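In what follows, a structure is listed as structure tokens, so that the remarks can point back to it.
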Amino acid sequence: MDPIIKIENVHKHFGAVHALRGVNLDVEKGEVILIIGPSGSGKSTLLRCINRLEEFDDGRIVVDGIPLDCAENINAVRTEVGMVFQQFNLFPHLTVIDNITLAQKIIRKRSPQEAVKTARELLIKVGIPDKADYFPGQLSGGQQQRVAIARALAMNPKIMLFDEPTSALDPEMIQEVLDVMLNLAKEGMTMVVVSHEIGFARAAADRVILMDGGQIIEMAPPDELFNHPKEERTKQFLSKVL
């Protein structure tokens, strides 16, 4: 079976900055990949290239058999890939239920009744069924991030991308978001996660990747990478985060 995400020799420049330097990565269906690394290492840029929120300069990315090489394909991929950002990006003037139903009705062409049914089921799934009629500003950061996850899941994605989903949260709110992500992993969702949450990596990740300088420095199962890193750069980085 082909990988659900195939990244081949991908390069990305921001002016004089060579942000991605020939990255190669295969992600299998149902796999959870966690990407760690210092600021500016290319982690978020790589994640954003997977659904072409960021345009890469060279190389090839294929998602679920669809190459990201034309506008029509990019739109097809985006309907199958959910993304959760560091900032929640909820519409502040819409209620929680309206935030979750909007894209369902516009992109998935669901009836209002079907969209609301899906939204309410997902609010149960993420543990906040009583917040349907609240506005984002009335919720905690952890609750807003769980709404953002529910909104992404409402599109029935085959892949979920998480870009530092807990970094904007107070410490006591982090676990409630990680618990939702852990349940998704247990259900078999393919996930690529940029995060430094080592506990989540140990509990849910199939592989952990260390990136630095726009390259993959080391890649291994979590216990192997955290306990027996091979590369000196990995050892240096882990000495600061573990």
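The values are calculated or read from the model by the stated rules, or taken from the named source; none is laboratory data. Predicted model only: the values in this text are computed from it and were never measured. Cβ sites come from the backbone with ideal geometry, for glycine too, and all protein chains shown count toward neighbours. For the accessible areas, the whole protein counts, side chains as well, though only heavy atoms, and no ligand, DNA or RNA atoms are used. Shrake-Rupley method; radii C 1.70, N 1.55, O 1.52, S 1.80 Å.
Taking other residues whose beta carbon is less than 13 angstrom from the beta carbon of Gln215, and scoring Lys, Arg as +1 and Asp, Glu as -1, yields +1. Aspartates and glutamates within cross-link reach of Lys186: Cα-Cα under 19 Å, excluding same-chain residues under 8 positions apart? The qualifying aspartates and glutamates are Glu28, Glu31, Glu121, Glu176, Glu197, Asp206, Asp223.
Sequentially through region 131-146, phi angles give Karplus couplings (6.51, -1.76, 1.60; θ = phi - 60°) of 9, 4, 9, 7, 9, x, x, 8, 10, 6, x, x, 5, 4, 5, 5 Hz, Gly and Pro residues having no value and appearing as x. Number of Lys-Lys pairs in region 85-138 with C-alpha atoms under 15 Å apart and a separation of 8 or more places or on different chains: 4. Over region 73-126, the hull volume per residue, using the convex hull of the C-alpha atoms, is 100 Å³. Shown for the chain: the carbon plus sulfur share of the solvent-accessible area, taken with all protein chains present and a 1.4 angstrom probe, equals 49%. Computed over region 1-87, the P(r) tail beyond 21 angstrom holds 27 percent of alpha carbon pairs. Full extension of the segment from Ile124 to Glu54, taken as 0.36 nm per residue of separation minus the current Cα-Cα distance, would add 21.9 nm. In this structure, the amide hydrogen of Lys29, modeled 1.01 Å from its nitrogen in the peptide plane, lies closer than 5 angstrom to those of Ile4, counting only residues at least 5 positions away or on a different chain.
Per-residue 3J(HN,Hα) values for region 96-109, derived from phi via the Karplus relation 6.51 cos²θ - 1.76 cosθ + 1.60 with θ = phi - 60°, read 4, 5, 6, 4, 7, 8, 4, 5, 4, 6, 7, 8, 8, 6 Hz in sequence order (x marks Gly and Pro). Short-range pairs are left out: with C-alpha atoms under 8 Å and at least six residues apart, the relative contact order of region 54-198 is 28 percent. Near His196, once Lys and Arg are set to +1 and Asp and Glu to -1 for all other residues with Cβ below 15 Å from its Cβ, the sum equals -1. Our summary gives the chain a relative contact order of 26 percent, counting only alpha carbon pairs under 8 angstrom and 6 or more residues apart. Which angle between 0 and 90 degrees, to the nearest 10, do you get for helix 112-125 versus the longest principal axis of the chain when only C-alpha atoms count? Around 60 degrees separate the two axes. For the chain, the 222 nm mean residue ellipticity estimated from helices alone, with every DSSP H stretch of n ≥ 4 adding -39500 (n - 2.57) and the total spread over all residues, rounds to -11500 deg cm²/dmol. Between the Cα long axis of helix 232-241 and the first principal axis of the chain there is an angle of about 40°, rounded to the nearest 10. The three principal axes of the Cα atoms in region 129-242 give end-to-end lengths of 51, 29, 25 Å, sorted in falling order. Take the alpha-carbon centre of region 203-233, take the same for region 1-39, and report the distance between them in whole Å. Here the two parts' Cα centres lie 14 Å apart.
A 1.4 Å probe run over region 40-81, with the rest of the protein chains in place, finds 44 Å² accessible per residue.
Here the 3J(HN,Hα) profile of region 148-153, calculated from phi with Karplus coefficients 6.51, -1.76 and 1.60 at θ = phi - 60°, is 4, 5, 4, 4, 5, 5 Hz, Gly and Pro shown as x. Note on the chain: Rg/Rh from Cα positions, Kirkwood definition for Rh, rounded to two decimals, is 0.97. Within the shell defined by Cβ-Cβ distances under 12 Å, the residues around Pro3 carry a net charge of -4, with Lys and Arg each +1 and Asp and Glu each -1. The figure for Glu224 is an accessible area of roughly 80 square angstrom, using a 1.4 Å probe on the protein chains alone. Shape analysis of region 32-163 places it in the oblate category; the axes a ≥ b ≥ c from the Cα gyration tensor give an a/c of at least 1.5, with a/b not above b/c.
Sequence gap at least 6, Cα distance under 8 Å: using those rules, report the relative contact order of region 15-72 to the nearest whole percent. Normalised by residue count, the contact order of region 15-72 is 24 percent.
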